[in-house]
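Novice: Please read through the structure below; I'll follow up with questions.
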Amino acid sequence: MATGAASALADQARLKPLPFQNLAGWEADDHGAAFQAFLRSCRALEASSAELRPAQAPQADLLAVCREALKTPGLGRTEAKRFFETHFQPLAVRPFSGGGFLTGYYEPEFQGSRTPDATYRVPLLDRPDDLVTIPQGETLPGLDKGLQAARRTNDGYEPYPDRAAIEDGALGTLTKPIVYLREPGEAFIIHVQGSARIRLEDGSVMRVAYAGRNGRPYTSIGRLLVQQGEMVLEAMTLEKLMGWLTDHPETAKALMRQNQSYIFFREAGELAPEDGPIGGAGTPLVPGRSLAVDRSLWAYGLPVWLDGELPLSLDTVEPLQRLMIAQDTGSAIVGPARGDFFFGSGEEAGRRAGLLRHAVRFVVLQPKPRS
């Protein structure tokens with residue numbers, strides 16, 4: 001781990017070594033499935049593939065473990081469990097402020113059209129030519145340190161327009177739509193999730209992937225609705241949120257504009273139908289095994305053990321004791337024990353993702369030092 005990241009992590013949490021036998025449910029997990037997800041990260045790390053949203057650089061020890069994993073890609077459940085136990089040391093993450101917290105996300109699917117008409121009128125925009133993404137931990141002269149992107153001008157850099165300004169046409173011809181949707185709320189959900197499957201009128205499916213953001217801060221409109229008394233947190237679901245946005249178009253427009261963050265997209269024609277969307281690490285995500293983490297603190301590819309609950313409905317839960325792989329990030333995923341669980345694609349995945357707002361025990365598997 002880079003010195004800066006190690007220092008930032010030490011300021012936010014204590015890491016306590018644990019034996020594997022202290023991880024409740026460890027014996028019962030499908031380590032073979034976790035190993036296959038880990039291999040995806042290892043192949044990308046070994047090839048030095050470009051990350052979509054750069055995270056902390058991987059340690060030499062993690063790269064060494066990946067090289068070992070790539071020698072035996074066909075490990076079964078038992079052998080994969082032994083591999084993780086041989087090469088990693090569990091470290092319980094104990095934040096100084098609060099505890100571990102887990103939310104869910106998914107790849108939505110909506111109807112859309114490549115051309116606008118009376119039904120399809122809400123665009124997803126491609127990346128503008130003047131957008132400059134500021135690398136993690138860096139700043140540009142004259143800009144607030146909290147901004148993660150800037151606008152390149154003849155006189156230097158300036159803050160990029162916020163959501164309201166972009167929706168009102170501030171970018172002009174610098175960007176163009178790649179697809180049109182029916183409802184502003186559908187586009188907003190895709191912005192939050194970072195990817196989507198768009199079913200076109202001819203029956204084909206278009207995949208869209210994250211291509212950049214305006215660097216402005218993210219604000220949860222669900223939290224705003226709870227604060228305004230429009231919804232009760234414990235009863236909120238993604239379906240209810242979408243229904244509210246559709247039923248209150250003018251109020252919803254003002255509400256969504258309170259989230260200044262704006263996402264740009266590209267068509268991801270390279271993805272096979274069975275592939276998950278592209279995560280921050282630049283590789284397709286794996287339902288039930290890919291985890292979004294705080295990229296300012298953690299490297300992609302780290303295995304993370306989660307111990308908590310997964311909701312099945314508003315009233316029922318099942319145990320969550322599972323080995324995940326850090327393969328993504330998100331604007332709202334901030335903190336040493338903050339995670340976002342990838343559920344997959346489609347309506348059912350969205351239903352499950354919208355229910356998950358639960359405390360979780362967060363245990364990072366740190367590569368053992370190479371001798």
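Novice: Report the far tail of the P(r) of region 237-371, meaning the percent of Cα-Cα pairs longer than 24 Å.
Specialist: Details: 3623 of 9045 pairs.
Percentage above 24 Å: 40.
Novice: Let me ask something else about it. How large is the convex hull of the Cα atoms of the chain per residue, expressed in Å³ as a whole number?
Specialist: Details: hull volume 55.8 nm³, N = 371.
Normalising the Cα hull of the chain by residue number yields 150 Å³.
Novice: Can you give me the angle between helix 77-87 and the longest principal axis of the chain, using Cα atoms only, in degrees from 0 to 90, rounded to the nearest 10?
Specialist: 80 degrees
Novice: Mind listing the long-range amide H neighbours of GLY344? Cut-off is under 5 Å, sequence gap 5 or more, other chains count too, H placed in the peptide plane at 1.01 Å from N.
Specialist: Counting only residues 5 or more places away or on other chains, the set is GLU107, GLY288.
Novice: Taking the Cα atoms only, what angle lies between the long axis of helix 60-71 and the longest principal axis of the chain, rounded to 10 degrees?
Specialist: Here the helix axis deviates by roughly 80 degrees.
Novice: A follow-up question, please. What is the log10 of I(q)/I(0) for region 1-72, computed with the Debye formula using one identical point scatterer on each Cα and no solvent, at q = 0.11, 0.13, 0.21, 0.23 Å⁻¹?
Specialist: Computed log10 I(q)/I(0) values: -0.40, -0.56, -1.15, -1.16.
Novice: In addition: What are the extents of the Cα atoms of region 200-273 along their three principal axes, in Å, largest first?
Specialist: 43, 30, 24
Novice: Taking the Cα atoms only, what angle lies between the long axis of helix 31-46 and the longest principal axis of the chain, rounded to 10 degrees?
Specialist: The answer is roughly 70 degrees.
Novice: Still on this structure, please answer the following. Quick one: plug the Kirkwood hydrodynamic radius of region 44-105 (C-alpha pairs) into Stokes-Einstein at 10 °C, 1.306 mPa s, and report D in µm²/s. It would help to have the intermediate numbers written out before the result.
Specialist: Details: Rh = 14.7 Å.
Rounded to a whole number, D works out at 108 µm²/s.
Novice: Excluding same-chain pairs closer than 8 in sequence, count the lysine pairs in the chain whose Cα atoms lie under 20 Å apart.
Specialist: On the way: LYS16/LYS368; LYS71/LYS81; LYS71/LYS368; LYS81/LYS368; LYS240/LYS253.
Here the count comes out as 5.
Novice: Can you give the log10 of the normalised intensity I(q)/I(0) at q = 0.11, 0.16, 0.17 Å⁻¹, computed with Debye over equal Cα scatterers of region 1-131?
Specialist: Result of the Debye calculation: -0.65, -1.08, -1.15.
Novice: Could you work out how far apart the two model spin labels at GLU270 and THR153 are, taking each label as a point 7 Å from the Cα in the direction of the beta carbon, and quote it in nm?
Specialist: Calculated label separation equals 3.5 nm.
Novice: Roughly what % of DSSP beta bridges within the chain run antiparallel, to the nearest 5?
Specialist: Values: 52 of 64 bridges.
The answer is about 80 percent antiparallel.
Novice: If contacts are Cα pairs under 8 angstrom and at least 6 residues apart, what is the relative contact order of the chain in percent? Show your work: numbers first, answer last.
Specialist: On the way: 768 pairs, mean separation 101.9, N = 371.
Contact order relative to length: 27 percent.
Novice: Let me ask something else. Which cross-chain or sequence-distant (5 or more) residues have an amide H under 5 Å from the amide H of VAL179, H modelled 1.01 Å from N in plane?
Specialist: HN-HN under 5 Å from VAL179: LEU124.
Novice: Tell me, what is the percent relative contact order of region 117-276, built from C-alpha pairs under 8 Å that lie six or more residues apart? Kindly include the intermediate steps, with their values, before the conclusion.
Specialist: Working: 233 pairs, mean separation 47.9, N = 160.
Taking the mean separation of contacting Cα pairs over the length of region 117-276, I get 30 percent.
Novice: Give me a comma-separated list of calculated 3J(HN,Hα) values for region 193-209, in order, Karplus coefficients 6.51, -1.76, 1.60 applied at θ = phi - 60°, integers in Hz, x for any Gly or Pro.
Specialist: For region 193-209, the Karplus-derived couplings read 7, x, 6, 6, 10, 10, 8, 7, 5, 7, x, 6, 10, 9, 9, 10, 10 Hz, x marking Gly and Pro.
Novice: Tell me, what ³J(HN,Hα) does each residue in region 210-223 have, in order and in whole Hz, if you take phi through Karplus 6.51 cos²θ - 1.76 cosθ + 1.60 with θ = phi - 60° and put x for Gly and Pro?
Specialist: Karplus-based 3J(HN,Hα) across region 210-223 equals 4, 10, x, 9, 7, x, 7, x, 8, 10, 7, 6, x, 5 Hz.
Novice: May I ask you to give the solvent-accessible area per residue for the chain, in square angstrom, as obtained with a 1.4 angstrom probe? Walk me through the numbers before you get to the answer.
Specialist: On the way: 16670 Å² over 371 residues.
Accessible surface, normalised per residue, equals 45 Å².
Novice: What are the extents of the Cα atoms of region 157-258 along their three principal axes, listed from largest to smallest and rounded to whole Å?
Specialist: 42, 40, 21
Novice: How large is the direction-averaged shadow of the alpha-carbon convex hull of region 258-297, in nm²?
Specialist: Values: hull surface 18.0 nm².
Its average projected convex-hull area is 4.5 nm².
Novice: Hey, could you pull the Cα Rg and Dmax for region 32-77, both in Å?
Specialist: 10.9, 31
The values are calculated or read from the model by the stated rules, or taken from the named source; none is laboratory data. The shown structure was predicted, so the numbers you read here are calculated from the model rather than taken from an experiment. Counting neighbours? That spans all protein chains shown, and the Cβs are built from the backbone with ideal geometry, glycine included. SASA here: full protein model, heavy atoms, side chains in, ligands and nucleic acids out. Shrake-Rupley method; radii C 1.70, N 1.55, O 1.52, S 1.80 Å.
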